[in-house]
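Engineer: Structure provided below as structure tokens; questions to follow.
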Amino acid sequence: MTNSIKKVCVIGAGTMGSGIAAQVANAGDQVLLLDMPSKDGSRNAVTERSLSRIEKSDPPLLMRPKNIERIEIGNIEDDLAKIADCDWIVEAIVERLEIKRSLYRSLLPHLKEGAMVSSNTSTIPISLLMEDMPDQLRKRFCITHFFNPVRYMRLLELVEGEESEPEVMRVLADYNDRMLGKGVVECADTPGFLGNRVGVFAMQAAIHEAGELGINIEDADAIFGRPMGIPKTGAFGLYDLIGVDLMADVVRSLRSILPQGDPFHEVGAENVLINSQIEKGFTGNKGKGGFYAEIDGEQMALDLGTGEWRPRSKQLPEISIKGEKQGVTALLSGSDKLSNFAWKVLARILTYSASLIPEVTTTPQDIDDAMKLGYNWVKGPFELIDEIGSEVIVSRLEAEKFHVPEFLQHARGSKFYKVVGGALKVRHWGGEFHPIKLPKGVVRFHLTRQTLRPIMENASASLFHLDGGERLVEFHSKANALDGDSMKIVMAAAKDPGPGIIVHNDGQHFSAGVNLEKFLEMIEAKNWSGIDSFLHEFQLAVEALLYCNAPVIGAPSGLAIGGGYEVLAHCDKVVAHSNSVMGLVETLVGVVPGGGGVKETYLRWFKRTGDWEKAALNTFNQIGYGQTGTSPDLSAKLAYFEPERDSQVMNRDRLVEAAKTALHEMAKTYKPRQKPEFTLAGGAAYDGMSAILQKGRDKGWFFPHDVTVASQIAWIVTGGSGSAKQDVTETDMYRFEREAFIRLAKTPETLARIKGMLSGSGVRRN
């Protein structure tokens, strides 16, 4: 059996196959992408179009454009013999049993010794795929079910056949974990596996109950969204995002393979309204719209009762606002129609999840992991039961004559997860508690933190001591927006860093920046001293990180922009997830970075160029345009990421372990850094930047306020028109940032931009 995978073949160049091929290329391995030959023109026209889609994809499937060079294309008639060089062949073709089986037979003469074969199917069981296939293939075969888009969706469902060799499963689990960045959930070969079995059911439950109770789709999505720890698209919005027609096919497929007694049939029946929308061309965001649409320039929503369009409501129901602030239990506290909707949807989802044990898996962790990794839920169904309380749920289910699954009934009054002897354990079928199962080196901090007691904690952040004495700073506000409380925790860590500090959290995003709502309040109150005080405290906190007497490592994933990036910029090293987005984007809302972002960018460009004027121009351009890097590789081109110092990992669940390893290595020889000196680039450099801005304004490239904002960046790094080049301190640079920020905060244009961003109507360009 092959112990490592060096080359992969993906057969099927559609959306999923292209995504798998791109992610293998991102991992640094060679990939052969094959599909049917074209009858006209180039024989490889299908895979050529796939390469083009990969190159133009948005969000990008490639972590850097150059990775596409690792993808070789071909077709299954002319190039099938090339699979002899491949260690793993992934089939991602149409969901037609006989077509798949025909393909497998054609592979047999070309497979190298020890090569593995898998299917990306989510609907056809292995027993049917492998019927009458030779033992040679049956032993090497399994299902690897990816979720789309492959680069960004973390779940891989790994399904073992009766004859699949254990080594095949081990190698594929390890490769997909370490190299492709997946959270691997091993599933039984049952219909829909886990992710779609529960995820599609949950969507259907929300759609079904909205129709039954007469809930408008905006309110339904607002409740079946962030208040439940589910992405804000909700059910109807997610239908539109995926494609109404595609979702209708998925529902039909599940309906056809699930047994008649399965509760899915109660919510997954053929939907007349959905079919009507598809016939009219309303197939979702890819078409004219779906449940939501823009019609004659107006945002519209579909009325579930009449099937007619009406203006889309932007007003969030009070219950959803309360639920987002207080948690899922707040959704169930009322007796009105919307509270009843929330309860009925949750009751269906939670009981359905419990009913799958032990038929599909013996542990709630598999189901919770599938929903968190595959559908971006903050908490899985069993974690939600623990939050609400199993006694509360079972009592209400019984009072309303709702069926209570045996596994849930047995857990009544108890929890599914609990800390035993310092370790987090999960209840299995039969009632025994077993340690949560994670591969060695994998840390999901939202689970680990349940075994820890914070040393210091407030509403925005917490400080923990890990088992090796390391300090870990965790942000946990909404979108991990930073405020004064966040920086108090940062400062506390810097004062007592132990052997070192890791700044990390398990949120979808590391931090989307400073809390704009707080700034809006101070701007409207004309509290300029308050703004200066906040910025100064932020600067003192990141400065304390910069010069504390132990190494500091930032370990981000997702967005690390604005103030979030400024925290990282003051760490000794960044260990980033390969999907991390870094950048300083403050100019988009009419201000400048005020937490050392301009200062650090200026210094980094000087270290790269050795020339303060070049560094000033690069800083001006980069921050002025609000440039970001959508991966560490691309962030490196913007000096947000330093490859000679920083590192990246493909699996975000391995960030903490990688950070701890790096921290301990650095601690052996660590010495606090010395404060740098700066030289402002001077008036001539400022005048050159002003000329660029004036030309851009004259040509219509920039709005007037863009010029005003960018001029302040130019002022920070040059000293302004007529100034001489001069040496300044780091303290001066911090002060310049605060002064420029406040000047811009006093303008009505910046106020309008911040209001537009917070209202969801978009930044007003002025």
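The values are calculated or read from the model by the stated rules, or taken from the named source; none is laboratory data. Note that this is a predicted model, so its numbers are computed, not measured. Neighbour counts run over all protein chains shown; Cβ positions are idealised from the backbone, glycine included.
Engineer: Could you check segment 596-645 and list, in sequence order, the residues that are farther than 20 Å from GLY513 by Cα and of a type in the set (Asp, Glu)?
Structural biologist: Matches in segment 596-645: ASP611, GLU613, ASP633, GLU642, GLU644.
Engineer: Collect the residues in segment 496-525 that are charged (D, E, K, R), in contact with a helix residue (DSSP H, G or I) (Cβ under 7 Å, 6 or more places away or on another chain) and outside any loop (DSSP other than H, G, I, E, B), keeping them in residue-number order.
Structural biologist: GLU517
Engineer: I'm checking my understanding of the structure. Among residues of segment 606-623 that are more than 27 Å from the chain's Cα centre (by Cα) and buried (at least 24 other Cβ atoms within 10 Å of the Cβ), which one is nearest to LEU540 (Cα to Cα)?
Structural biologist: THR619
Engineer: List the helices (runs of 4 or more DSSP H) that sit entirely inside segment 66-157 and contain at least 3 residues that are surrounded by fewer than 17 Cβ atoms within 10 Å (Cβ to Cβ).
Structural biologist: 97-107
Engineer: Tell me, please, whether a residue that is buried (at least 19 other Cβ atoms within 10 Å of the Cβ) and in contact with a strand residue (DSSP E or B) (Cβ under 7 Å, 6 or more places away or on another chain) can be found in segment 672-683.
Structural biologist: yes
Engineer: Taking the options ASP368, ASP386, name whichever one is in a helix (DSSP H, G or I), closer than 22 Å to ASP177 by Cβ and touching a Phe, Trp or Tyr at 6+ places or on another chain (Cβ under 8 Å).
Structural biologist: Selected residue: ASP368, the only one of ASP368, ASP386 that is in a helix (DSSP H, G or I), closer than 22 Å to ASP177 by Cβ and touching a Phe, Trp or Tyr at 6+ places or on another chain (Cβ under 8 Å).
Engineer: Would you say VAL185 is without any contact (Cβ under 8 Å) to a residue 60 or more places away in the chain and either over 30 Å from ASN340 (Cβ atoms) or of a type outside the set (Phe, Trp, Tyr) (or both)?
Structural biologist: No.
Engineer: Please determine whether any residue of segment 501-510 is modelled with pLDDT of 95 or more and of a type in the set (Gly, Ala, Ser).
Structural biologist: Scanning segment 501-510, I find no residue that is modelled with pLDDT of 95 or more and of a type in the set (Gly, Ala, Ser), so the answer is no.
Engineer: Of all residues in segment 95-111, count the ones that are at pLDDT below 95 and within 24 Å of ASN176 (Cα to Cα).
Structural biologist: 1
Engineer: Another question, if that's okay. Among the residues that make up segment 437-450, is at least one of them on the phi > 0 side of the Ramachandran plot, surrounded by fewer than 17 Cβ atoms within 10 Å (Cβ to Cβ), not in a strand (DSSP E or B) and not assigned by TED's automatic domain parsing to the domain that holds HIS577?
Structural biologist: yes
Engineer: Among the residues of segment 535-574, count how many are assigned to a helix (DSSP H, G or I) and under 18 Å from the mean Cα position of the chain (by Cα).
Structural biologist: Residues flagged as assigned to a helix (DSSP H, G or I) and under 18 Å from the mean Cα position of the chain (by Cα) within segment 535-574 amount to 2.
Engineer: Give the number of residues within segment 589-608 that are basic (Lys, Arg) and within 30 Å of SER759 (Cβ to Cβ).
Structural biologist: 0
Engineer: Filter segment 585-621 for residues that are more than 18 Å from ILE531 (Cα to Cα) and in contact with an Asp or Glu (Cβ under 7 Å, 6 or more places away or on another chain) and give the result.
Structural biologist: LYS599
Engineer: Only one of these is surrounded by fewer than 24 Cβ atoms within 10 Å (Cβ to Cβ) and either among the β-branched types (Val, Ile, Thr) or closer than 16 Å to ILE754 by Cα (or both): GLU517, GLU543. Name it.
Structural biologist: When all the criteria are applied, what remains is GLU517.
Engineer: For segment 26-55, enumerate the residues that are part of a loop (DSSP other than H, G, I, E, B) and under 19 Å from ASN148 (Cα atoms).
Structural biologist: Listed by number, the list holds a single entry, ALA27.
Engineer: Hey, could you check segment 580-625 for residues that are in a loop (DSSP other than H, G, I, E, B) and of a type in the set (Ser, Thr, Tyr) and say which is nearest to ARG697 (Cα to Cα)?
Structural biologist: Within segment 580-625, the match that is nearest to ARG697 (Cα to Cα) is TYR625.
Engineer: Give all pairs with beta carbons closer than 7 Å in which a residue from segment 361-377 that is under 21 Å from ASN651 (Cβ atoms) meets a residue that is part of a helix (DSSP H, G or I) and of a type in the set (Asp, Glu); count only pairs at least 6 apart in sequence or on separate chains.
Structural biologist: Qualifying pairs under 7 Å: ASP368/GLU383.
Engineer: What is the number of the single condition among (1) under 20 Å from the mean Cα position of the chain (by Cα); (2) assigned to a helix (DSSP H, G or I); (3) surrounded by fewer than 21 Cβ atoms within 10 Å (Cβ to Cβ); (4) not aromatic (Phe, Trp, Tyr) that HIS265 does not meet?
Structural biologist: (1)
Engineer: Quick one: which residue in ALA370, ALA423 is crowded, with 21+ Cβ neighbours inside 10 Å, within 30 Å of VAL442 (Cα to Cα) and touching a strand residue (DSSP E or B) at 6+ places or on another chain (Cβ under 8 Å)?
Structural biologist: The conditions single out ALA370.
Engineer: Keeping to segment 277-327, report how many residues are among the hydrophobic types (A, V, I, L, M, F, W, C), assigned to a strand (DSSP E or B) and under 20 Å from GLY225 (Cα atoms).
Structural biologist: Residues flagged as among the hydrophobic types (A, V, I, L, M, F, W, C), assigned to a strand (DSSP E or B) and under 20 Å from GLY225 (Cα atoms) within segment 277-327 amount to 4.
Engineer: Out of all the residues in segment 56-65, which are surrounded by fewer than 20 Cβ atoms within 10 Å (Cβ to Cβ) and either hydrophobic (A, V, I, L, M, F, W, C) or part of a helix (DSSP H, G or I) (or both)?
Structural biologist: Listed by number, the residues that qualify are LYS56, PRO65.
Engineer: Considering GLY195, GLY211, which residue is surrounded by fewer than 22 Cβ atoms within 10 Å (Cβ to Cβ), more than 19 Å from ASN285 (Cα to Cα) and either in contact (Cβ under 8 Å) with a residue 60 or more places away in the chain or among the polar types (S, T, N, Q) (or both)?
Structural biologist: When all the criteria are applied, what remains is GLY211.
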